[in-house]
1. Where a Cα-Cα gap under 22 Å defines reach, which lysines qualify for Lys109, not counting those fewer than 8 residues away within the same chain?
2. Over the Cα atoms of the chain, what radius of gyration and what Dmax do you get, in Å?
3. About its Cα centre, what dipole magnitude does the chain give when the only charges are +1 on Lys and Arg Cβ and -1 on Asp and Glu Cβ, stated in debye to the nearest 20?
4. Need one number: nm distance between label points at Tyr41 and Thr17, each 7 Å from Cα along Cα→Cβ, rounded to one decimal.
5. If you plug each phi of the stretch 102-109 into the Karplus form 6.51 cos²θ - 1.76 cosθ + 1.60 with θ = phi - 60°, what whole-Hz ³J(HN,Hα) values come out, in order, with x for Gly and Pro?
6. By how many nm would the segment from Arg88 to Thr108 grow when fully extended, if each residue of separation counts as 0.36 nm and the alpha-carbon distance is taken off?
7. Among the aspartates and glutamates, select those whose C-alpha is under 18 Å from the C-alpha of Lys39, and discard any that sit fewer than 8 residues away in the same chain.
8. With contacts defined as alpha carbon pairs under 8 Å and 6 or more residues apart, what's the relative contact order of the chain in percent?
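Every number in this text was worked out from the coordinates using simple rules, so none of it is lab data. This is a predicted model, so every value here is computed, not measured. Note that we place each Cβ from the backbone using ideal geometry, even for glycine, and neighbour counts take in every protein chain shown.
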Amino acid sequence: MRIESTEFGSITIDGETYDHDVLIRLSGEVVKRKKKLSKKYYGTSHTISREEAKFVYEKGCRELILGTGQYGNVALSPEAAEFFEAKRCRILAQRTPDAIKSFNRSSTKRKIGLFHVTC
């Protein structure tokens, strides 16, 4: 599993380009982010809700690498941050271009990635 690149509105993973936010599961499966889980609480997908955090998290995960967008506009809500902390899942939040580098370099096998591809 290698994230090759990102630009505004897309991310390329193992040769496939996605034009939406993605979640990379522990297994390496790439799925579309369920932004509606946060949007219904905050009116925006730029704040990640506890409900979305529950969808993102997988048992055994030790690290969430969060790509906060090309300009860094996405953040975890306090409730989502508390949820991951209670699960003992470390959070590394960076602008998406930096987060993909961190994801590729991470030696942790028990990591998931959530990447916002626009703002």
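1. Hits, sequence-local ones excluded: Lys32, Lys54, Lys59, Lys87, Lys101.
2. Using the Cα atoms of the chain, the pair Rg, Dmax is 12.8, 36 Å.
3. Magnitude of the dipole: close to 440 debye.
4. 3.4 nm
5. For the stretch 102-109, the Karplus curve yields 5, 4, 5, 7, 4, 8, 5, 7 Hz.
6. 5.8 nm
7. Reachable aspartates and glutamates: Asp21, Glu51, Glu52, Glu79.
8. It comes to 33 percent, rounded to a whole number.
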